[in-house]
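Just below is one structure, and these are the notes that go with it.
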Amino acid sequence: MYVAGIDIGSTSGEALILEGERIAGWSIVDTGYSSRRAAEQALELALQRSGVARDQLRRIVATGYGRVSVDFADQQVTEISCYARGAHFLYPQVQTVIDIGGQDSKVVAVGSGGKPLDFAMNDKCAAGTGRFLEVIARVLQLELAEMGDWALRAKRAAEISSTCTVFAESEVVTLVADGVTREEIVAGICRSIARRVAAMAARVGVEPPVMFAGGVARNRGVVHALEEALGHPLIVPEEPQIVGALGAALIARDGMDGSDKLFGPQG
Amino acid sequence: MDDPRDIRIRLLRGLLRSPLGLRLVRALLAGRPQKPHHHVSADFFLEMARGAYASRACPVVWSNIFVPSELFWGLGIVPFFPETWAGLAASMGLSALGVSQAAAVGYPIDLCTVHRSAAGLWASQLFPRIDAGVATSHACDLAGQMLGNFAYAQGKPFFLLDVPQDDDDASVDYLTVQLERLIAHWREVLGIDFDPDRLREAIRLSNQARALALEVATLREAEPAPLRGSGMRDQLAMLTAMFGHPSGVRYYQSLRDYTAQRIANGQPEQTHQRVRLYWMHLMPYFESDLLFILEDELGGVIAWEEISTLWWEELDEREPLRSLARKIASLFFNGPIQRRTEMALRLIQRYHCQGAIHFSHWGCRQSAGALYVLRARLRREGVPLLILDGDCIDPSNLPLGPLRTRLEAFMEMLV
Ligand code: SF4
């Protein structure tokens, strides 16, 4: 008996096929201009990789900012609940989940059964998100994927004072002109994101163990800076981007009996 | 090409300044399907508008909302509250005008849009004449500055009531003396007569309205909630303008009867009710989907709103000024934040709320500045708090997508 979870973020969309407790397959696609199309594509790809036919799916739950566009889903649930649920499934001891995605970031305090106890999300700007990294990667002519290694090579981090992405971009141009190395600038950018997210996390209250999920968790520079800013080691799952889709799939599985329970038993 | 808004503004200016125009508005409103208490409040505000814009019978004093209205009605003065009119303009879709004009007259964008919009409406000549200005120093420190500005710019006298943070006897004494001075000041600059009997009558009317408003508060304890919280967004305007005027009594009588009838007939205004909530600070005054999402889609019930809370003790007509001084000082926004948080906890318990939502209106320091303490205190009592950053005046500063996610996630947490 198969179910699917689909997480449509602003930059990427993920789908995951679940059979009981087993992850049968998953996929990641670019969101592009249409959330619905991305959801279809991600689902088809995940089904293909799992060797499962569409009509074998018993239930689909959509999450992420594009969830409302996934009209073929049986239920829509916010990414707050899905991240908490997915993180709890992977590491039942986890008490805090930090997700930094393409255009937003969030911190969720996780209770028993994977139920969110509190949460905070970034406000209306791209500071402290993957978008910030993307913009700076472009200015420095670096591949996004290699930024983490550049940051770790730096002997010190440059001080980036702007939190606004647009202003930070011009600040970086000035630093380059002043001869500051790319390594130092990238380390400074990672630290700037980490500080911003750590401040948001403080609002919720960071209780270890802490999981770091979302696309930016692949960036070792941000992981390092965030560990420093929080004063806690971070658990980064093998596939940090699929935590939301996993949570959605778990909710889909539990909803098969017609109940609308989003979380496991609360102890 | 002319800004299409210009025609609307000119029309509005004309309507406001002509007794005939206001009568026309009143007739139009009377024909619209409205709840009975809304007829009373519409009549009241139109009468106020007539007194301020179209009649010269009484002096007009511009005031912030926390100067007790009993004082105006008891002295034969027509009050004009720029903050309230900014809210009213927002409900009529005029906030963009107010906000853009405020920028034109040099108000920075990080100021509260209530005041910025008021400044813009004034700059667009949509406000009435002014004979004097008055403000209290408490709750909103911007109010004193803005009212002072308005009076100064129009060459009129201004009086600031300095409110101490406590409501003990010494503070009340201090404030009573200032109220006496204020009356002396108004007698001098406005040429009004001070008739103690008239003030006592205003106090009596205020107490009558207060008793009825307390009955409404008790009726609203009912489950399911008889009224929609979103329908109560105008309560601050009522609480701060109607008391001391006969309309206050009529309004609360009508609201009480309406609420009681809803309960008796088993017809709550909101049919889909899942989670009871306590709403803190303001709500958007303009039409927005935010409250529709909360109430109708998600079944969130605003069982009580902070701004509907009647905060003062019964007034004593034998000591009217002392009573009014105590009313001013005991406002829950005044003094240490504990006053506000403890009130929140009492109301959360009284209305059986499972969570609280704080609407952090853009630029309002006095309200959002206390969030850390508020959150920590509520958390200690196991009450989840959702903070929504938005704007109650400017629709362009209320991003529905992110707010929807926060509301949905909060409801998923509570259900
Ligand atoms: S919202 Fe805050 S700053 Fe604005 S008028 Fe009200 S109290 Fe003052």
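Between a first residue in segment A:125-136 that is under 16 Å from residue A:223 (Cα atoms) and a second residue that is open to solvent by less than 10 Å² (accessible area, probe 1.4 Å) and at pLDDT below 80, which pairs have beta carbons less than 9 Å apart while being 6 or more apart in sequence or on different chains? If the second residue must be open to solvent by less than 10 Å² (accessible area, probe 1.4 Å) and at pLDDT below 80, the pairs left are A:132/A:168. For segment B:399-409, which positions are within 27 Å of the chain's Cα centre (by Cα) and at pLDDT 90 or above? Of everything in segment B:399-409, those that are within 27 Å of the chain's Cα centre (by Cα) and at pLDDT 90 or above turn out to be B:403, B:404, B:406, B:407. So is residue A:145 buried (at least 17 other Cβ atoms within 10 Å of the Cβ) and among the hydrophobic types (A, V, I, L, M, F, W, C) or not? Criteria not met by residue A:145.
Condition check: touching a Ser or Thr at 6+ places or on another chain (Cβ under 7 Å), open to solvent by 20 Å² or more (accessible area, probe 1.4 Å), within 16 Å of residue A:215 (Cβ to Cβ) and outside the structural domain of residue A:193 (by TED's automatic domain parsing). Does residue A:30 satisfy that? Yes.
Condition check: at positive phi and either open to solvent by 10 Å² or more (accessible area, probe 1.4 Å) or more than 15 Å from the ligand (Cβ to nearest atom) (or both). Does residue B:139 satisfy that? Yes.
Within segment A:41-52, not a single residue is buried (at least 17 other Cβ atoms within 10 Å of the Cβ), of a type outside the set (A, V, I, L, M, F, W, C), touching a residue at least 24 places away in the same chain (Cβ under 8 Å) and within 14 Å of another protein chain (Cβ to nearest Cβ). Please work out if residue A:119 is open to solvent by 10 Å² or more (accessible area, probe 1.4 Å) and in the same structural domain as residue A:232 (by TED's automatic domain parsing). Answer is yes for this residue.
Quick check on segment B:372-381: of everything there that is at the interface with chain A (Cβ under 10 Å from one of its Cβ atoms) and modelled with pLDDT of 90 or more, which residue is surrounded by the fewest Cβ atoms within 10 Å (Cβ to Cβ)? Top of the filtered list is B:376. Residues that are surrounded by fewer than 24 Cβ atoms within 10 Å (Cβ to Cβ) and under 14 Å from residue A:57 (Cβ atoms) within segment A:241-255 comprise A:253, A:255, listed in sequence order.
One line per residue, one yes/no per condition, for (1) of a type outside the set (Phe, Trp, Tyr); (2) open to solvent by 10 Å² or more (accessible area, probe 1.4 Å); (3) within 12 Å of the ligand (Cβ to nearest atom):
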{"site": "B:52", "(1), (2), (3)": "yes, no, no"}
{"site": "B:66", "(1), (2), (3)": "no, yes, yes"}
{"site": "B:69", "(1), (2), (3)": "yes, no, no"}
{"site": "B:72", "(1), (2), (3)": "no, no, no"}
{"site": "B:84", "(1), (2), (3)": "yes, yes, yes"}
{"site": "B:102", "(1), (2), (3)": "yes, no, no"}
{"site": "B:107", "(1), (2), (3)": "no, yes, no"}
{"site": "B:110", "(1), (2), (3)": "yes, yes, yes"}
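Within the span defined as segment B:266-285, one or more residues are of a type in the set (A, V, I, L, M), touching a Cys at 6+ places or on another chain (Cβ under 6 Å) and open to solvent by 10 Å² or more (accessible area, probe 1.4 Å).
Residue B:147: within 17 Å of residue B:60 (Cα to Cα) and aliphatic (A, V, I, L, M), yes or no?
yes
Residues that are farther than 24 Å from residue B:281 by Cβ and surrounded by fewer than 21 Cβ atoms within 10 Å (Cβ to Cβ) were ranked within segment B:161-175; the one that is nearest to the ligand (Cβ to nearest atom) is B:162. The single residue among A:188, A:264, A:214 that is touching a Leu at 6+ places or on another chain (Cβ under 9 Å), modelled with pLDDT of 90 or more and not hydrophobic (A, V, I, L, M, F, W, C) turns out to be A:188.
Restricting to segment B:187-213, count the residues that are over 17 Å from residue B:318 (Cβ atoms) and in contact with a helix residue (DSSP H, G or I) (Cβ under 7 Å, 6 or more places away or on another chain). Before you say what the answer is, go through the steps one by one.
In the first step, residues of segment B:187-213 are kept if they are over 17 Å from residue B:318 (Cβ atoms); the result is B:187-193, B:209, B:211-213.
From what is left, the residues that are in contact with a helix residue (DSSP H, G or I) (Cβ under 7 Å, 6 or more places away or on another chain) are B:192, B:209, B:212-213.
Residues meeting the conditions: 4.
For segment B:318-342, filtered to residues that are within 16 Å of the ligand (Cβ to nearest atom) and touching a residue at least 24 places away in the same chain (Cβ under 8 Å), the residue that is nearest to the other protein chains (Cβ to nearest Cβ) is B:337. Within segment B:304-317, restricting attention to residues that are of a type in the set (A, V, I, L, M, F, W, C) and more than 15 Å from the ligand (Cβ to nearest atom), the residue that is surrounded by the most Cβ atoms within 10 Å (Cβ to Cβ) is B:304.
Quick check on this structure: which one of B:366, B:349 is more than 14 Å from every other protein chain (Cβ to nearest Cβ), assigned to a helix (DSSP H, G or I), surrounded by fewer than 20 Cβ atoms within 10 Å (Cβ to Cβ) and away from the ligand (no atom under 15 Å from the Cβ)?
Working: B:366 fails: away from the ligand (no atom under 15 Å from the Cβ).
Answer to the selection: B:349.
The single condition among (1) aliphatic (A, V, I, L, M); (2) away from chain B (no Cβ under 14 Å); (3) without any contact (Cβ under 8 Å) to a residue 60 or more places away in the chain; (4) in contact with a strand residue (DSSP E or B) (Cβ under 6 Å, 6 or more places away or on another chain) that residue A:206 does not meet is (3).
The values are calculated or read from the model by the stated rules, or taken from the named source; none is laboratory data. Please read all numbers here as calculations on a predicted model, not as lab measurements. FYI the Cβ positions are ideal-geometry reconstructions off the backbone, even for glycines, and counts take in every protein chain you see. Calculation scope for accessible area: heavy atoms of the full protein, side chains included, ligands and nucleic acids excluded. Shrake-Rupley method; radii C 1.70, N 1.55, O 1.52, S 1.80 Å.
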